[in-house]
Amino acid sequence: MNELDKFVGEEEEISKYKKAISSISFNIKLIWKNIINRRRSITIIILGLVFSMSILFTASIWSSTSQKIIADDYLQTLDYEMYVSTFLPNHMQPVFTYVLDDPLVEDVHWYYPTVALFNFEGKADNYTWYPEEQQDDLDDPLSISAAHIVSSAAMERIKLNLEVDGDASLNQGEIMISYVQAKQLGVIYNKTISPGDQISVAITRYIPNTDIGEHQMVYYDIDDTTFENFTISGIYKYVGKNTIIAKMLGGIGNTGGVLLDSIFFPKESLGIEDLNIMDSNGLIPKLLVKVSGQELRAAGIADMPDTIYALKERIEFRYWHAFANILSQEIQAMADEYTRSFGSTVVFLPTIAVSIILTILSSQMTVRKRKEEIAYLRSKGAVSGQIIMMFFGEFLLISTISLVLSIGIGILLSGLIPSFGHDDGFFSKEFFSRYFSYLEISPYYIEIFTVLVLGIYLGMTLYNVITFVRKDIHESQIMTKRGQKIIKTSVKVGSFVLILAGFIFLMIEYYRQVAGTSSFGFSTLSISIQALLVFIVLLFFICYFISLGINKIIMKLGKVYKTLFKRNSFMILKNLKRQRKNLTDLTFFLVLTICLLTTLVTLRSSTIYNNEIEDDYRMGADLRIESLLSVNISYMEETLGQIEGIKDITGFQTIRALWGTQIRIEVYGIDPDKFLEIGRWTDMSFVNMTAEEGLMTLDEQQAPIAVAGGVFGVFTEKTSEKGLILSNYLVRRLDLELGAEIEVAGFTGSGETQFLTITGVIESAPGLGVSHGYDPKMNRETDDWVLMNKKVLIEELDVHNGTLLLASMKEGANADQIKQEIESMFPFLTVNPEQINPDYIGYFIDKYIPPVTVILLAGAIILNVIGVIYILISTDFILEQRRRENAVLLALGGNQTKVRGLLISEVSTFLAVTLLIGGPLGIAATAFSLLFIKPLLVAEEVIPLVLHVDGLALFIILASLCLAALFGMIPIIRKQMKYEIVQELRAIV
Amino acid sequence: MADSYIKVEDLIKTYSSKAEVLVVLNGIDFEVDRGEIICFLGTSGSGKTTTLNLLAGIDKPSAGKILYDKNEIHSWSLNQLAEYRLNEIGFIFQDFYLMEHLTALENIMIPLILRGETEDMAKEYSVDLLHSVGLGRKALSLPQELSSGEKQRVCVARAIANSPSLLIADEPTGTLDTKTGDGIMELLLNLVKKNNMSLIYTSHDPYLTRLADKIIVLQKGKVSQYSQKEFPEVGYDKASFQFLVGDENHE
């Protein structure tokens, strides 16, 4: 190669490079010009993409961010998450060191249980205090109380369980005493004990064993632990919560147990030696463990129960004598509730799907509008690849703009949405900024959702472009039209059948999992979400097939049109008969939108209705009377029954017991007749029997009990009143049957063992909630409860106390008045509490994730807006296509009113027909979906979830769709009518 | 005495664009008598179609008047104009403008339906009209299944469906071969005479002037009117072309 060749060669290289740059630059300019020229359709496509992606991004960001806040906030409300005990004296120190060093643990506090003495001054060592009612000096008695030795730091957490009059502090020289103890001291010292008073107290280093005759003062070993003039910083009442302190010290029904009559004493005021002595004397300390929220929630809320359980295992594995108690049920409930709450956002998916469809259809319209452009490009020699690349270039630009906007909107919305509707005003700035401080974006989900939405959009756009390009070059002639139709139909029907088969499989799996349980956990929730997703896809298919049918029906309604539209019917019918692609799309879209709108609104009304009657059912009766203290039920029934306005009253004697060695149950003593009369029973409360039949099995007079033919057998024999009604879940799981005799032992405080006959199987009871499973709404600690006749509890087990009474009211009685009277008579009673368990995690999560009813409403509103947008886009597109036709009509003497009337009548026909089909289809879809989406809507199926159609709400949402669409059409039609006839005739040939 | 029921006085039509103002009609005057047949002759772009559009009330003049029975039609409301088009005007468009989704019969029914006739009546009458234009067997054919001549016949039938007093035909033979064009013109003339209608048609073909009572030549936005007798012999030569464009020096 000579020098000249090199030079020429180099020049060619530069030329190619310049050519490529020029070509790229030209194409970019062309794409940009195309986008600018089609501003409106491109804006709609970008809006559709942004809407779909930003909702998905919001859900993803919201999910990862909110679970951090929910976990942190919830853990803040807990005193501790674990306590560790041991049965070996002086062995807790190494456990303490180990636990404190665990990365999961934030803090560990010591707790020493002992006894405090008051009015001990001047009592000799041989002063006999036991039995209390016979102690040496009854005129000046010694007062004994449980004492909790904790540090001031521990008090900061423990006080979450207490309602304190005064200051909830425990500094040096201060003690806190319970309300009951304050009353007792008031009697002893003959004065009202108030916060700020000074008092002398003795902390015992040993608790005498009265069984071996340790009845004298000397056994308390208080020589070095008497403290003069301690200030009472506060007087506390225990407020029931499912917390570690409740687990450690709580009594029946979370009444507080030893916390009722006790004091808190500062650990700092005792010497190490005193504490060691106490430990050696068998007053073994416990460790109260507060975990680090950040560490516990690091792997997400769903893993929290397992993470904390792992800590328990680590401790117990290393220290065989130690036993760690955790708030497993509560933390599990939080995980389940969070999953359910967030899982319920899946009902928003139809809206996103419809939005994607809107994008696809808009994209189709844009491509269809550009048929001439494609034909022109081809006529000028453009090959298919070049045309496709031009559309691909547009896609890249549109996608980039949409992606950037979606991420921004996603981040903003994920913080904005939960910031509304807080207690501190309409919009909480504090919450908004806090949300951003917790902000967590998962690139993984951003990528997945981007690929999903943009992939669908790109796929459909290219499909349309390729279809046009192929038509243009007659490639479609490779196959006959009939052949193409058969293949298309086969693909659609085949896909439908496959999806239907998958759905049936999921339904079977769902019913297998929920059988016999009324509480929905993670697995039922998961299968329910899967079933819903598949059902949505099925619904799309069903709407599509139905819309094909509707198009045929629409064309065969000539007589109806004649009646309705008189002489305009001819033109309307002819226009409807055109069977253009966009009319078919419009029918499909309208049926789908109306069906989904009806489904969302009806699901919402069903959920709201269910929540209302479920709340009533959980309350149990006209009046629900809860006691902070464990009270004598018979006494309360008699006393409260005399209040004017109360018709009848019944209480529940309550005791805990063990069944086998593992199953902890709460036993309620009931009066079957009264409970039947007062309680708000439903047909589904008992399994295969009415409430009356079920309850009467515990009635001595009427019990028609025994067995024949298994669990749901026929009752023929009479049996004793020592029946037991227990949960359907346990009956099924343990393969029990009616009439089986079982042994119930370990009645708290009693050595009794009872042999009881299973006389009834129950799902739930008014006032008590579900019979199996942890029911956090009921503030109940145990997993299961059983019903027995109260006579057995009173007469054979000597159980008289309980914390719950239900009452019915006389006609015309005022509930508020009765509530006031009872609460003023007994300050520890609460009548008709606003929420049975105000600390229910579900209420707490509602702060951060809107309840499913709000999501359903938001979904319906957005769907409505999308529906209106599509109708308007579609109308505009149809009118654009008919501009010449309208101009001809006007030129032939048609007036604008008539042409406008024709257009509105046409759209109204579509709306009316699709309303008539889509509405009932939506209601049917709701009724059917209730069979498998219960876990998404309610935490437990306390009462059967039934369809409830709120006609007014449905009317408002559907009427607003129709009216918005019709009113929205006016400016579009007016715009069309403004075109000069001549220009239209001239322009469109 | 001539029965002039349409009078055009000093009619001006201009089109404005950013670049220029185009004067299409520059103050034209003419009258139309009942039963009269008028041919507008002119080259492409001379303003023939614009004049017809203005007469039919589907375009607005920039200035001047069109009086129908002494009423200025462009002072009417849109609805009054629509009534005028529906009852008094039958328009045959150069490009047919048939509704593609309607059959030949249904296209003819449109003006009748617009006038408020029942579907059955409109159908019955349209069938007669189709027969009268010789398309009885094509009643159920869609426009794309018809030839240009057949389409034009459908247009004629549609135009006379409402028995207008004035039939306006924009280049009725413009897209047809000579034989078909002659057939259409014959049909038009027969229908006009039979129904006592006036006919205004446009053409750039001097040959068609022989069928008109009056010939109006449009040149540079102005008109020159001739009776059939007065109208000079115009052929397809250079001189005739120069006559039509109004420029003797035109090359």
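All of the numbers you see were taken from the coordinates with simple rules; none came from a lab. Treat the numbers as computed from the prediction; the structure is a model and nothing was measured. Because the Cβ atoms are built from the backbone with ideal geometry, glycine has one as well, and the counts that use them run over all protein chains shown.
Just to be sure I understand: if I project the alpha-carbon convex hull of the range B:1-123 onto a plane and average over all orientations, what area do I get in nm²?
10.2 nm²
Please compute, for the alpha-carbon atoms of the range A:890-966, the extent along each of the three principal axes and give them in descending order in Å.
Projected onto the principal axes, the Cα atoms of the range A:890-966 cover 68, 18, 17 Å.
First obtain the Kirkwood hydrodynamic radius of the range B:55-146 from its Cα pairs, then insert it into the Stokes-Einstein equation at 4 °C and 1.567 mPa s, and state the resulting D in µm² per second as a whole number.
Reported coefficient: 86 µm²/s.
Quick check: Cα centre of the range A:480-511 to Cα centre of the range A:38-108, how many Å?
The range A:480-511 and the range A:38-108 have Cα centres spaced 41 Å from each other.
At 0.36 nm per residue, minus the direct Cα-Cα distance, what do A:Ile188 and A:Leu439 gain on full extension? Give it in nm, one decimal, please.
Details: separation 251, 0.36 × 251 = 90.36 nm, distance 5.79 nm.
Stretched out fully, the A:Ile188 to A:Leu439 stretch lengthens by 84.6 nm.
Hey, can you grab everything whose amide H is under 5 Å from the amide H of A:Gly660? Only 5+ residues off in sequence or another chain; H modelled, so Pro and N-termini drop out.
So A:Gly660 has HN proximity to A:Ala745.
Can you give me the C-alpha center-to-center distance between the range A:355-432 and the range A:830-847, rounded to a whole angstrom?
42 Å
Translational diffusion coefficient, Stokes-Einstein: compute it for the range A:619-834 using the Kirkwood radius over C-alpha pairs as Rh, at 37 °C and 0.692 mPa s, and state it as an integer in µm² s⁻¹.
187 µm²/s
Please report, ordered by residue number, every helix of chain A (full DSSP H runs) that is 27 Å or longer along its axis going by C-alpha atoms and whose mean Kyte-Doolittle hydropathy reaches 1.6. Walk me through the intermediate numbers first.
Working: long enough: A:3-37 (50 Å, -0.29); A:39-77 (52 Å, 0.73); A:349-369 (30 Å, 1.12); A:384-416 (46 Å, 1.84); A:443-472 (42 Å, 0.96); A:481-514 (49 Å, 0.64); A:522-555 (49 Å, 2.09); A:581-619 (56 Å, 0.32); A:852-881 (42 Å, 2.00); A:896-929 (47 Å, 1.11); A:951-978 (40 Å, 1.62).
Passing helices, by number: A:384-416, A:522-555, A:852-881, A:951-978.
For the range A:871-974, state which chymotrypsin sites (Phe, Trp or Tyr not before Pro) are in a DSSP loop and have at most 10 other beta carbons lying within 10 Å of their beta carbon.
On the way: sites: A:Phe877, A:Phe910, A:Phe928, A:Phe932, A:Phe955, A:Phe967; in loops: A:Phe932.
Passing both the DSSP loop test and the Cβ count: no residue.
Just to confirm the number: angle between the C-alpha axis of helix B:178-195 and the first principal axis of chain B, 0 to 90 degrees, nearest 10?
In chain B, helix B:178-195 runs at an angle near 80 degrees to the longest axis.
Taking the convex hull of the alpha carbon atoms in the protein assembly as shown, what volume per residue do you get, in Å³?
Each residue corresponds to 293 Å³ of Cα convex hull volume.
Please give me, ordered by residue number, the chymotrypsin sites (Phe, Trp or Tyr not before Pro) of the range A:9-92 that lie in loop per DSSP and have at most 14 other Cβ atoms within 10 Å.
Of the chymotrypsin sites (Phe, Trp or Tyr not before Pro), the ones in loops of the range A:9-92 whose Cβ has at most 14 other Cβ atoms within 10 Å are A:Phe87.
Report the percentage of all Cα-Cα pairs in the range A:105-287 whose separation exceeds 27 Å, rounded to a whole percent.
On the way: 3912 of 16653 pairs.
Roughly 23 percent, rounded to a whole number.
Under a crude label model (7 Å from the Cα following the beta-carbon direction), how far is A:Asp816 from B:Val21 in nanometres?
With each label placed 7 Å out from Cα toward Cβ, I get 7.9 nm.
Give me the tail of P(r) for chain B as a percent: Cα-Cα pairs with distance above 31 Å. Spell out each step's value before the answer.
Numbers: 7794 of 31375 pairs.
Everything past 31 Å amounts to 25 percent.
Enter the mean number of other protein chain beta carbons within 10 Å of the beta carbon of each residue in B:91-97, as an integer.
Taking the mean over all residues of the peptide, I get 4.
How far apart, in nanometres, would the label points at A:Tyr127 and A:Ala924 be if each is projected 7 angstrom from Cα along the Cα-to-Cβ direction?
The two pseudo-label positions are separated by 8.4 nm.
Longest span of chain A, sites excluded, free of GluC sites (Glu not before Pro) in DSSP loop with at most 11 other C-beta atoms within 10 Å?
Working: sites that count: A:Glu644, A:Glu717, A:Glu811, A:Glu834.
My reading of the result: A:1-643 is the longest stretch.
Computed on alpha carbon atoms, what radius of gyration and Dmax characterise the range A:365-431, expressed in Å?
21.9, 67
Compute the signed sum of charges (Lys and Arg +1, Asp and Glu -1) over the other residues within less than 14 Å, Cβ to Cβ, of B:Arg210.
So the surrounding residues net to -4.
Mean separation of Cα pairs under 8 Å and 6+ residues apart, divided by the residue count of chain A: what relative contact order is that in percent?
Details: 1575 pairs, mean separation 146.7, N = 989.
Averaging sequence separation for qualifying contacts and normalising by length gives 15 percent for chain A.
Beyond 18 Å, what percent of the Cα pairs of the range A:256-399 remain?
Here the tail beyond 18 Å accounts for 78 percent of pairs.
Which is the longest run of chain A containing none of the trypsin sites (Lys or Arg not before Pro) found in DSSP loop states (not H, G, I, E, B) with at most 11 other C-beta atoms within 10 Å?
A:557-989
Expressed in whole Å with the largest first, what are the equivalent ellipsoid semi-axes of the range B:192-235 derived from the C-alpha gyration tensor as the square root of 5 times each eigenvalue?
Details: eigenvalues 77, 31, 21 Å².
They are 20, 13, 10 Å, listed from largest to smallest.
How would you rank A:Thr599, A:Thr897, going from fewest to most other Cβ atoms within 10 Å of each one's own Cβ?
A:Thr897, A:Thr599
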